[in-house]
Amino acid sequence: MRRLSILFLVTAVGCVGACDSSRVTKDDPDVPGMSAEEAAGEYLTRILDLRERRAEGGLTLVSGEPGTSAGQELPEAVSEEWTILGPALFGATPELSTEHAQWTSKGRFNAANGQVTYAGHPQRDDEAAFSFAMAANEGIEFFAFEALEPAGSVDQWISREIIRQAGPVFVASLLSAERGQLNVSPEDLAERPELSANIAVIGERLKVSPPEEERAGAEHFDEALRQLVLREALSLGSALYRAGGWSGLEWGRIEPPKSSNYAVRPDRWLGGDGEGQWEWPERFDNHKEEQEWNAIQTGVVGPALLSLWLEAVVDPRAARTIYSGWLTDSYRVYEHGEEDESVRGFNWVSAWQSPHEAQEIAAAAESALGHYHGVEHRERRFRVAVQGVNVAVVSYTRDHDPELLNQEVQLLTEARFGIVPEEGAPLSFAPTLYERYVTAAEESVLDEEEWVDPVAGWSVNVEPLAGWTVQKSDEAHVRWFAMHSDGTMIQWTTELLNPLEPEFGTEEYLQKLEEVFSESVSAQEPPYIEVVNQPTDSTVEMEVMGLIDGRPLALKLWQWHRGDVLVSFSVQGPEETFGERLSEVGSVLESLTRVGEEFQGRKASEGDDGIVEFRIEDE
């Protein structure tokens, strides 16, 4: 089925509630007599109140210019590994840094002296406020929990950076929502982290663009790394809050994830899924020994760094989906020869949830190798092979015997792995509202008689569409559609209501709906829109005729919601047969029947179940 062909005009309706990027930004008036220092003090008090903490330690606030950073100082083990792993993957050694220059120039915490240095007035500038909140939260956590243990690998360093920013970015996002007069509670943000797209500063930073030549190379690795860490920090902070409130966030800071696998997949971390252990093929080891290659570095690439590597050839939004399929990986870098004659070989094997995923990763890996190391070198420098769920990669810095390349990559696919379970965390993972929505949507059923949609809470009789081609969709939003031989199409879509957008059925909501359709339909008359009480308690009904993609068509739309799910039911077709088709559609609408319970987010009071009590004991 060609899914793209069914995403006709009504898919724009979803943007009324979820895609509008406009944000409300509060323009704070000057407060007579309130200096920047006083404003910073008040902001710090608000942060402490929000986190349910009291001031402790020697945290001090200093108004001034934080200055530019000389770069993050990496642990020795991380720096040494990166000088080898960076070139093996990217053909260069990009800088490992997660500092955002736009923010650290306006607010920075210095652990050496316990100071938060900030520029400007925290109550009058969005970025200054966000920077101050990030820096102040980092300072609060430093004095409450002390510094994180130095990472022992690049993968672990990434996980440390994610958890280091998790609490600060979660709190800073909440405070930015307050500044923008957006009603977002900690429970709201935790359950629906996608709401951050509507929040000033953080929404802009989290935007992910398709790969472009100017940002896909190793020279733009630092930008992609900063964005990944920030995005995953907010996701992890939200997950820890869902699991245990503020106590959950603090537990994560005290017992940080030991790998990026745990940082980007908190369900695995909290569930004690464990990590992989590899047994490399003996024949591969013997081959390397016979060829007099020396192993100079071993380790794990990990899903976070792997997704960054693939961003050059895969849409970043798709690159992130590898987290669900990645099981484990292991790499070795070998060296042969000395000084100017030395050659390095990168040997890497990974395991995936299914052979299909392994095949997809192999294709992407081959494209990435060509991108970073030159596609012209494919014949004599690198190979990719798949066996079952294993993907093997072999890459050299100089031309190599093609037969040896083939032999080595096939040997490497024979590597064996096992996942060693670990003790679970004192927290239970809870999925986001959207994840529960997607899971519930999978339970929908379409047969010859009816459509049952548990996530929307409705069923309809589709027998009046006997002369139509009715088909269920695998998409989470476009649930089912029907096509008539005269070109008329019906579509049933669902989406989560966005609580930060105009309330359903209000004048502002109707105005935005009209604007969306006016951009897509060339019509002499504006769309007819009204709120009626049929076929459900409160329904938005819209009808328009005009040119859609250059063709004269008529469109009618019904929208209603139950719980947190918005349903859009539409029919679009040629004007001359539209009336006849509407009678058939009307019979379907008349059969609407409620099923199941309303699908909605957890109430704030439900978060009490996940509270974890703990204390820190000095040894």
message: Through the Karplus equation 6.51 cos²θ - 1.76 cosθ + 1.60, θ set to phi - 60°, convert the phi angles of the stretch 319-329 into ³J(HN,Hα) values in whole Hz; use x for Gly and Pro.
response: 4, 5, 6, 5, 4, 6, x, 5, 9, 5, 8
task: Give me the distance in nm between label points sitting 7 Å out from Cα along the Cα-to-Cβ direction at Val595 and Val420, one decimal.
output: 4.7 nm
field: Theoretical FRET efficiency, 1/(1+(r/R0)^6), r = Cβ-Cβ of Val343 and Asn113, R0 60 Å, to 0.05
entry: 0.80
statement: Asserting the computed 222 nm helical MRE of the chain (DSSP H runs at least 4 long, -39500 (n - 2.57) per run, divided by residue count, to nearest 500) equals -11500 deg cm²/dmol
Signed unit charges on C-beta, dipole axis of the chain, positive-most listed residue Phe130, Phe429, Pro87: Phe130
- prompt: Can you work out the FRET efficiency for the pair Asp49 and Glu530, with r the C-beta to C-beta distance and R0 = 56 Å, to the nearest 0.05?
  reply: 0.80
- prompt: Remind me, relative contact order of the chain in percent, using alpha carbon pairs under 8 angstrom and six or more residues apart?
  reply: 13 percent
- request: Please determine, in degrees from 0 to 90 and to the nearest 10, the orientation of helix 36-50 with respect to the longest principal axis defined by the Cα atoms of the chain, where the helix direction is its Cα long axis.
  value: 80 degrees
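Taking the mean number of other Cβ atoms within 10 Å as a proxy for protection, how do you rank 365-373, 579-587 from highest to lowest?
Working: 365-373: 20.4, 579-587: 15.4.
Highest-to-lowest ranking by the protection proxy: 365-373, 579-587.
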Surface accessible to a 1.4 Å probe, per residue, for the residues of the chain, Å²: 45 Å²
- prompt: So how far apart, in nm, are the two label points at Ser324 and Thr577 if each is 7 Å from Cα heading toward Cβ?
  reply: 3.7 nm
statement: Hits in the stretch 177-207: amide N under 17 Å from the 7 Å Cα→Cβ extension of Thr506, namely 178, 180-185, 198-199
message: Compute the helix-to-body angle for 355-373: its Cα long axis versus the longest principal axis of the chain, expressed 0 to 90° and rounded to tens.
response: 60 degrees
task: Provide the gained length on full extension for the span Glu292 to Leu404, in nm with one decimal, where the gain is 0.36 nm per separating residue minus the Cα-Cα distance.
output: 38.9 nm
query: Relative to the longest principal Cα axis of the chain, at what angle does helix 402-412 sit, 0 to 90 degrees, rounded to 10?
result: 80 degrees
field: the chain, accessible surface, carbon-and-sulfur percent (1.4 angstrom probe)
entry: 45 percent
query: So between Glu76 and Lys472, what do we pick up on full extension, going 0.36 nm a residue minus the alpha carbon distance?
result: 137.1 nm
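The values are calculated or read from the model by the stated rules, or taken from the named source; none is laboratory data. Every value quoted in this text rests on a predicted model; they were computed, and no experiment measured them. Here the Cβ is made from the backbone with ideal geometry for all residues, glycine too, and neighbour counts use every protein chain on show. For the accessible areas, the whole protein counts, side chains as well, though only heavy atoms, and no ligand, DNA or RNA atoms are used. Shrake-Rupley method; radii C 1.70, N 1.55, O 1.52, S 1.80 Å.
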